[in-house]
Amino acid sequence: MECPKCGAARAAGQITCAGCGLVFHKYEQYLARQAALASAADEGPSGPGQWLAVLWQDLLRPTDSLRAHVWAHAGLWALLSVWGMSYIVQGIDSLGTHPGFLHSVNLPFHEFGHVLFGILGDFIGSLGGTLGQLLMPVICGVALLRTRGDTFGASVCLLWFGQNFLDIAPYMADARAGRLPLLGGNYGQSSPYGFHDWEFILGETGLLAYDTVLAAITLNAGRLVMLVAMAWGGYLLWRAWSDADA
């Protein structure tokens, strides 16, 4: 018998390779997991439950690139997690007055959403700004998964998706007050009806009195999504490190 990694001789009952330090039982477990995943992929999903199970396994599978550069990805994950937490710990008022760098990133997609969905009428056009900034990280994440199987990259897109909820919440809470600055230097309280997206959206749906409640729900939903994204990225790193150590 020989080591599958370095080819060194392996005695019966030997736990680790004397040449490269490979732990044989860990490596065998890794091969078994890979074989199970390959078998499931070859058979194809036989129903919704099986399809979801395969999808779940795919989403939790690190790429070869992640395994090869696990420490670089770990550094990026740590940086993004700290940055993400700097948003999560803020309240609605703070996020409204100090929205951070990502607000400037989200803004062009927000405005494009108004243009794109504006052809469907005033209401959908107003909602289109929010849809535009939410759709962009979804599109990026799906593209990374479909073209490269990049689960770690998709987790970063999910973090961005969650942060967009934190970007939206302050303006939702501001629907009645109209104190936050709008594009062009205007303010909701001094602008005509329909200029402030959420004043118009909630006003037309009869929910204007619940602006702060809906904003709090949106804020906490975004926080939860961001925490899930961090956990996803962290799990992928742990899997990649475990596979590399096997």
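The values are calculated or read from the model by the stated rules, or taken from the named source; none is laboratory data. In this text the structure is predicted, and so the values were computed from the model without any measurement. So basically every Cβ, Gly included, is an ideal-geometry build from the backbone, and we count neighbours across all protein chains shown.
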Can you tell me which residue is surrounded by the most Cβ atoms within 10 Å (Cβ to Cβ) among those in the stretch 200-217 that are closer than 24 Å to residue 87 by Cα and touching a Leu at 6+ places or on another chain (Cβ under 7 Å)? 211
List every residue pair whose Cβ atoms sit under 9 Å apart, with the two residues 6 or more apart in sequence or on different chains, where the first one lies in the stretch 21-35 and is under 23 Å from residue 56 (Cα atoms) and the second, anywhere, is polar (S, T, N, Q). 26/242; 30/242
Does residue 179 satisfy being modelled with pLDDT under 95 and not in a loop (DSSP other than H, G, I, E, B)? no
